[in-house]
1. With only alpha-carbon pairs counted, each pair once and no self-pairs, how large is the Kirkwood hydrodynamic radius of the chain in angstroms?
2. Return one whole number: the accessible area per residue of the chain in Å², for a 1.4 Å probe.
3. Using a 1.4 Å probe on the protein chains only, how many percent of the accessible area of the chain belongs to carbon and sulfur?
4. How much length would be gained if the chain were fully extended between ILE38 and LYS9, taking 0.36 nm per residue of separation minus their Cα-Cα distance, in nm to one decimal?
5. Based on the Cβ-Cβ distance of ASN24 and VAL47, what FRET efficiency does E = 1/(1 + (r/R0)^6) give at R0 = 35 Å, to the nearest 0.05?
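The values are calculated or read from the model by the stated rules, or taken from the named source; none is laboratory data. The shown structure was predicted, so the numbers you read here are calculated from the model rather than taken from an experiment. Backbone-built Cβ (ideal geometry, glycine too); neighbour counts: all protein chains shown. Calculation scope for accessible area: heavy atoms of the full protein, side chains included, ligands and nucleic acids excluded. Shrake-Rupley method; radii C 1.70, N 1.55, O 1.52, S 1.80 Å.
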Amino acid sequence: MKTVLIEIKNPKAIALLHELEELNILKIVKESLLNKKIKLSEKYRGVFTEEDTRNFDEYTNKSRKEWNNI
């Protein structure tokens with residue numbers, strides 16, 4: 001099973017999600033994660049590909065070197 005985090009934009013969606021849970025289509029794990037502090041590493045785990053991560057790391061290192069040369 002896969003767990004996803006969604007943002008509710010319409011309050012009616014909560015009722016719809018509860019109906020889907022009653023039909024055993026999905027399970028609501030928690031209704032609010034806003035009160036819980038989530039590490040960024042947990043929040044974004046699996047979002048970026050390994051290649052994206054490498055490219056971002058290279059870009060960050062290059063940017064830091066440019067700032068150090070100013």
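1. Details: mean 1/r = 0.0631 Å⁻¹.
Kirkwood hydrodynamic radius for the chain: 15.8 Å.
2. On the way: 7560 Å² over 70 residues.
Averaged over the residues of the chain, the accessible area is 108 Å².
3. Details: 4130 of 7560 Å².
Result for the chain: 55 percent of the exposed heavy-atom area is carbon or sulfur.
4. Numbers: separation 29, 0.36 × 29 = 10.44 nm, distance 2.09 nm.
Length gained, ILE38 through LYS9: 8.4 nm.
5. Numbers: r = 28 Å, r/R0 = 0.79.
The value I calculate is 0.80.
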